[in-house]
Every structure is written in structure tokens, then in C-alpha cells.
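See below for the structure under consideration.
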Amino acid sequence: MTGHSDRVDRVPPSGIRRFFELTEEVDDVISLGVGEPDFAAPRPARDAAIEGLERGRTSYTANRGMAELRELVAEDYARFGPTYDPGSEVLVTTGVSEAVDVGVRALVDAGESVAVAQPAYVSYVPCVRFAGAEVVDVHTRRADGFRLTPEALRAAGADEAEALILCYPNNPTGAVMDRDELAEVAAFARDHDLTVISDEVYADLRYDGDHVSVASLPGMRERTVVLGGFSKAYAMTGLRLGYALGPEEAVAAMTKVHQYVMLSAPTPAQHAGIEALRSCRPDLEEMRERYDRRRRFVLSRLDGIGIDCFEARGAFYVFPECPADDAGAFAEELLREAGVAVVPGGVFGDAGEGHLRMSYAAGMDDLREAMDRIESFLG
Amino acid sequence: MTDAADAVLDLLLENARYTTTDIARMTGLDEPSVSETIQSLEDEGVIRGYRAVVDWSEADRERVQAEVEVNVTLDRETGYEDVAERLVEFDEVTSLRLVSGDYDFDMEVEADSMRDVSAFVSEQVAPMPAVDGTVTHLVMASYKEGGMEMDDDDDDRLSVSP
């Protein structure tokens, strides 16, 4: 006799998964639906993983991750302001995905509620529900450039929540937040005693200035857990390597969950991560420059086609308004008739309805062809 | 070189068939500035031309490529420039560079057959008075040409992912 839990029942099937299956049915598709870099991990990082394997370094590491990696992570993040003790305030995880799960489970009790700024990466809401907690949907709006505002938090009733999950630069919108805008969110979090889980996996992919860490704002370090990773900036998605930075107590709690569910992040990935932080900054800069060109290209083409799109300034997504009322139906038609895959915004929460996520982590030839196809499809 | 010229040149090096419109979109420059920038790069001789990068192993046509090491002896009347001037005139020579090391010129040669390559080297190059000797390396496989990899790089990513 098998069955499944109510916790699993409360989470709907993945909209991404459904769209993936649709896409697989159609030939000659150009996909702008991919949420990962189109580059391979930098060679030195790959070599470090290979060398580790060749030397037989296939054991577990410390639960928290290799000491050297934790030191490098803390050192790397310090450029955004906050500093963390590698011994007690850094946890290396199996991708940011694990860090989100472990973070929610370690910091929030069942029955408590977690405010989630949306549209959002698809895992936040399910992770909150799997933890037995309630989700408070906080809708960011196109009119605010999809930035999180105290008004949106207040309107959603986030003042009653235990924690807040936000992600800037944002997947799926490409929105970023600057210091003064984050300061208002920080004030709200302090006033209502919210723990903040800040997913900053796209921190290195900002095109108009430096990333601002919410933990760098006054009174925020002690109530914020920052999540970061190697997937996007270093094109290491399949290596599954992320980290959490936060006050000792929070990181200790997360480590407790992590040690039982994961034990330690993959050892070859940790070797790659060390090398990435040591020597692959130039690769990152090169990739960022290429993304930026493509970003400008796509925004300009969409503008020319007459598709309304706010200026995404981070990550590798644009989030235009859907030219038709039903974004899901439009995306499906665009896929079947024009052979271009985009992701309907509603997949990222109700706040994303009426929009489309297009990823520009694709080669220029594909981007140009995709834009041509969209243009003639709408023609 | 100006920042604009630098950016435009980088893009043309990546793909010489980017249109001025595309380059304008990618750089944020306006189209007239892109056109002007390309025009002056051409006028100044920075950009010497545009040609296709061909993978001959995929073409129906036979094409043989060779790398030729050329050693020369100079005298009062003959300098490297003089030898080079004569060599570049041959259509078979696709590139010619003076290099440091064991030999003087690194010469790339292309012709329709192995016989043509060997005839060219032995009948046209070797007999030149300044040429001391040549070593010809026939290209057996090419993995990268003009900055482009010759294999098909499959995208193994999932077509849609979060």
C-alpha cells in the first residue's frame, strides 16, 4: 500500500515540467526557456574536479564544506560588505536549491508563515509547503519594475510572517534592487521582525552597477541568511554547488538539517568551486559581457517588435508583457507554430501572469532567429 | 582605438555578418555611429576584409591545406620584405607571417589537390633565390579555424528549466 503525503498534495505539479514536455514534442525549436548558462564551466574549475577525482578524493567532506572553500566564499562575498566567519557562519550546500529547502526548514516552524516575493523561482513556495509552513504571496508589479516594496509587503499581510524570501537580481523578471529600495524592505523586515532569506545566486550578473546585499543594510546582517552559488556566475549548474551565509545560530540550525539530509555537498564540485573562486573571475567577466550584449539585443528587438518589456538589468532573463491575454495559451501557440519556447510567467506565481520569461542564455544566432520568428508570428 | 571602435571590432571578430542594426542593438550605439565606425576601421586599414570560415571536410569540393616553413637567406639587396612581397602575390598563399624561431616564414598554402600544393612549393617557392629551404606540413585535420571550432557543439541542456 503506497500513498503520498498531504504536504506533497498541497504542491501542484511543476508548470516548468509541463512546458518542457510540450517542447520536447515539437521539432526545430529554439528555446528561450532555459534557466541556465549556455557556457560550460571554466576549464580550470573542471580540471580541479577532474584532478580531485584522479587523486581519489571521493570521500565526504566536513558537513559544512571544505574549510578552504568556506574561506574563499566568505572572502568573495565580503566585496558586498558583510563579512562572515568561515568556521561558523558559512555552509556549503548542494546548489542553492538545497540551501532554500534547508533554510526554510531550519528557520521556520510548521504552521508559521513565510512571505515570498513573486514572481519567483519555482522552488520557494513548494519548499515552504514541504516544511509545513504557510505561504504569504507578495506580488511585485511591473509598475514597480518588479521590485519589492513595503506597500506590496503590507498589502499581502507580510507583517505577520516569520520570514521573507526574496531574490534580486531576479529570476524570472531580471529585476534588480538598489540600496535605497532595499533599505525600505529592510526597514519593514526590522519593524516586523522578519527573518530574511535572500537568494543572491545572480549577484554577479548585474549589468548596470554593483549588486547590493540586503545583509549590508543596518541591522540586517543578524536577521538575514544569504544564499549564493556557482551555478549561474560560473556556469556550474550540473555540479550542484551553493552556500548559505548568516549569523552563527542560523547557520548552525541549517547545518543540522543539512548534515542529516545531505551530509556534505559533492566533493568534486567543491574542488571545482575552490578553483572557480581562485582563478576564474576573468571567465565570469567575459560571460557577463556576452550576456549584457545579448540582453541589449533582445530588449531592443522586443521594443522593435512592439512587445512591451521593462528593462531587465540582472540575471539572464527578460520578462515582457504577453501580447495576448492568456500567456499560457500564447506560449503554447508560439511553440507549436513558430518553434520558439518561452515560459509563461504564471509558472512563477500569479504575480507573473500576463508575462513571458525569455532567457538570453543562448547563442546570438539563436536569439536573432527566435526574435525573427516571434516577429513573423505576430506579423 | 575608441571604446566604440573596440566594441564594434570585437563583434565583427565574433561574426562579420552581424548587421549594423544588430551591432547597434548589442552595443547601445546608434546605427549611424556603427556604420561610421566600421567605415573608418576599413579606411584606416584595421579591417582588411571579411571572408567565410570554411570546414573543408564538410564541403563537396576537395581542398588541400598545408603549413610551409620557409627559410631564407638575406643579402644586401634582399630583405624579408622583398621575399614576402613576392610570396603574397601567389593565390595559393592564404597567410604569410614572419616568425621567430627555427625558420623565417610561416606560410599557409591552399590548393585543390596535394599535387598542386607540392607543385606550388617545389616549382614556385623553393627555386626563389632567397629561399634556402622549405618544410611542408600537409594539414590532416582541422579543429579550429579563424577562432571557430570545427566540431558541432551540441547543446545538452534541458530545453526548458526553471
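The values are calculated or read from the model by the stated rules, or taken from the named source; none is laboratory data. Worth saying up front: this structure is predicted, and the values here are computed from it rather than measured. A quick note on method: Cβ atoms are made from the backbone with ideal geometry, for glycine too, and the neighbour counts reach across all protein chains shown. The accessibility values were calculated without ligands, DNA or RNA, using every heavy atom of the protein model including side chains. Shrake-Rupley method; radii C 1.70, N 1.55, O 1.52, S 1.80 Å.
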Quick one: plug the Kirkwood hydrodynamic radius of chain A (C-alpha pairs) into Stokes-Einstein at 20 °C, 1.002 mPa s, and report D in µm²/s. 101 µm²/s
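Determine, from the Cβ-Cβ distance of A:D6 and B:D155 and an R0 of 41 Å, the FRET efficiency 1/(1 + (r/R0)^6), rounded to the nearest 0.05.
Details: r = 39 Å, r/R0 = 0.96.
The calculated FRET efficiency here is 0.55.
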Could you tell me the distance between the Cα centroids of segment A:144-220 and segment A:277-351, to the nearest Å? 22 Å
Spin-label pair A:E51/A:E285, simplified geometry with 7 Å Cα→Cβ offset, distance in nm: 2.2 nm
Exactly which GluC sites (Glu not before Pro) in segment B:61-162 are in a DSSP loop and have at most 13 other Cβ atoms within 10 Å? B:E62, B:E77, B:E89
If each residue of separation counts as 0.36 nm, what is the full-extension length gain between B:D10 and B:R63 once their alpha-carbon separation is subtracted? 16.1 nm
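Need one value for B:30-40: mean number of C-beta atoms belonging to other chains within 10 Å of its residues' C-beta atoms.
Per residue, the number of nearby Cβ atoms from other chains is 0 on average.
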Counting Lys and Arg as +1 and Asp and Glu as -1, each charge on the Cβ, what is the dipole of chain A about the Cα centre in debye, to the nearest 20? 860 debye
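Counting other C-beta atoms within 10 Å, and keeping those with at most 16, which DSSP coil chymotrypsin sites (Phe, Trp or Tyr not before Pro) do you find in segment B:11-93?
Details: sites: B:Y18, B:Y50, B:W56, B:Y80, B:F90; in loops: B:Y18, B:Y50, B:F90.
Answer in residue order: B:Y50, B:F90.
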Volume in Å³ per residue [convex hull over Cα atoms, computed for segment B:3-43]: 56 Å³
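For the pair B:S118 and A:D303, what calculated FRET efficiency results from E = 1/(1 + (r/R0)^6), where r is the Cβ-Cβ distance and R0 = 35 Å, to the nearest 0.05?
0.05
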Taking R0 as 41 Å, what's the FRET efficiency between A:D28 and B:D132 from their Cβ-Cβ distance, rounded to 0.05? 0.15
Taking all protein chains in place and a 1.4 Å probe, what share, in percent, of the accessible surface of segment B:3-43 do carbon and sulfur account for? 45 percent
Can you compute 3J(HN,Hα) from phi for each residue in segment A:215-232, using the Karplus curve 6.51 cos²θ - 1.76 cosθ + 1.60 with θ = phi - 60°, rounded to whole Hz and x for Gly and Pro? 5, 7, 7, x, x, 9, 4, 6, 10, 10, 10, 8, 10, x, x, 9, 4, 8
Kindly give Rg over Rh for segment A:290-379, based on alpha-carbon atoms, with the Kirkwood expression for the hydrodynamic radius. 0.93
Taking springs between alpha-carbon atoms closer than 10 angstrom, which of A:V185, A:V96, A:V104 fluctuates most in the Gaussian network model of chain A? A:V185
Please figure out what share of the DSSP beta bridges in the protein assembly as shown is antiparallel and state it in percent, rounded to the nearest 5. 60 percent
Can you tell me the Rg and the Dmax, both Å, for the Cα atoms in segment B:75-162? 19.0, 71
Candidates per chymotrypsin sites (Phe, Trp or Tyr not before Pro) in segment A:124-190, loop by DSSP, up to 15 other Cβ within 10 Å: none
Apply the Karplus curve 6.51 cos²θ - 1.76 cosθ + 1.60, θ = phi - 60°, to the phi angles in segment A:41-46 and return the couplings in whole Hz, x for Gly and Pro. 4, x, 3, x, 5, 5
